[in-house]
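The values are calculated or read from the model by the stated rules, or taken from the named source; none is laboratory data. Every value quoted in this text rests on a predicted model; they were computed, and no experiment measured them. Note that each Cβ is placed from the backbone with ideal geometry, even for glycine, and that neighbours are counted across all protein chains shown. Ligands, DNA and RNA are excluded from the accessible area calculation, which covers all protein heavy atoms including side chains. Shrake-Rupley method; radii C 1.70, N 1.55, O 1.52, S 1.80 Å.
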Amino acid sequence: MSRLRRAFGTLRADLWTTAADPLPRMARPRRLSRLPHVLVILYALVMGLFSGGEGADSTVPLLAMIQASILVIAMSRPLPAWWASIAVTVIGARTGMTYLSQSLSFPWMVETGTPRGPVLPRLLHGDALAFPWTGSGIALQAGVLLLLALRVRPRVAASALAITTLVGAGCVVFVPEGNGGGEVLLAVVVEAVAVMIGAGVRALRTTRTRLEAQEELTAEERARSTLLEERARIARELHDVVAHHMSVISIQAQVAPHLVANPSDELKENLAGIRENAVEALTELRRVLGLLRAQDTPEDAPQPTLDRLDELLANVRGAGVALTAETVGEPRPLPPGVELSAFRIVQEALSNAMRHAPGAPVSVQLRYHSDALTIRVVNGAPAAPAPSSPGPGHGLLGMRERAAMLGGDLVTGPTPDGGYEVSVFLPVESEKGIEATP
């Protein structure tokens, strides 16, 4: 008994609600996004207006227009519209008995008791039928169920179809005049097909929506993975730079007592503490950041600096690229992190230019300022179409991460002549500023 009560409660919750998915629009073309709504309105008008010849009783065209209006309402309120269509079905079945007794179109069928002919000819020619089982009545009821199945869960649509079938059977049993079993059976078949079509379209739309959401999630995860991978690569490269500085600190702390005549015990203790802390920090650094090092990267691989920039430019020229390079200002040694990032940024920019603008001339400019280094890499319009990329690259992302790591800025974009420009600003802290940093 409790199960039956819960089943009725679920059915009532499903069928007594106005919540439903919106009627889907056409995705493309955009100007025809409302075409499904227009087609539903036209369908309702045609079925409502062309039902006037189905009987002499004026209630038939009136019920047809009411049912057509219900079909239009079903676009926004499918469940209330379906309940209204059930009410029209009951009213039309009851009206069919009066219409049959007063039929003017085929009085000989009533007077002589001629048996009814096949269902479809009677539907098409307007034989003595109640409105719900005429051609327009069945078509409008099927349209309401189609819109219902498009916008609610399959369980709700199936429940609505079952109730509609029971109502039709009740009309045949309790109001047999004008409500033939053959017509009701045909209506049930048509309505069942409409529900299956609507449920199938809804399932396809739901699946497509889930796939699109999954694709967006996958793209976000791919972008996040790419970002983490690029950051890990930068960390692997900076590992050697930081490890070198920590080693220098350790050695200087060990040698310092020998450079002072008669060093005090306090000085020796402090320098020993500095060396011990530097060694421990170096050990932890190698232990943590060493995990980020790729298996195919040698432990003693030197990280490039701007001293190797001429070698990089020569390799690019050897690949057939018309490359020009310019250095503005007085070149000077920069902090190792800035040198490494600057070299990698130029390398990535040249790689992008060769990949996406084949045959285009490229210019590289390094400008030394008192407190910064600016890099500008510009390529012209490509001489040939660029080959398709196998997947998302790391070039711009890596350059942006390197600039942000140093507190710099990266600006990229197309040039007026159809080329592409990469401009980077890398601040360079002075020795005084480094010492003042807590």
Quote the accessible area belonging to Arg153 in square angstrom, nearest 10, computed with a 1.4 Å probe and with ligands, DNA and RNA left uncounted. 120 Å²
Length gained, Glu330-Phe174, 0.36 nm per residue minus C-alpha separation, equals 45.8 nm
Given a Förster distance of 51 Å, the FRET efficiency implied by the Cβ-Cβ spacing of Val279 and Thr207, rounded to the nearest 0.05, works out to 0.30
Dimensionless Rg ratio for segment 134-197, taking C-alpha atoms and the 2.2 N^0.38 Å reference: 1.09
For Asp307 and Tyr43, what does the FRET efficiency come to when R0 = 56 Å and r is the distance between their Cβ atoms, rounded to the nearest 0.05? 0.15
In terms of solvent-accessible area of protein heavy atoms at a 1.4 angstrom probe, what is the ranking of His258, His37, His369, His356, highest value first? His258, His356, His369, His37
Leu396, Leu49, reordered so the largest accessible area comes first (probe 1.4 Å): Leu49, Leu396
Added length on full extension, which subtracts the Cα-Cα distance from 0.36 nm per residue, Gln252 to Leu62: 58.2 nm
How much accessible surface area, in Å² rounded to 10, belongs to the heavy atoms of Thr305 with a 1.4 Å probe? 40 Å²
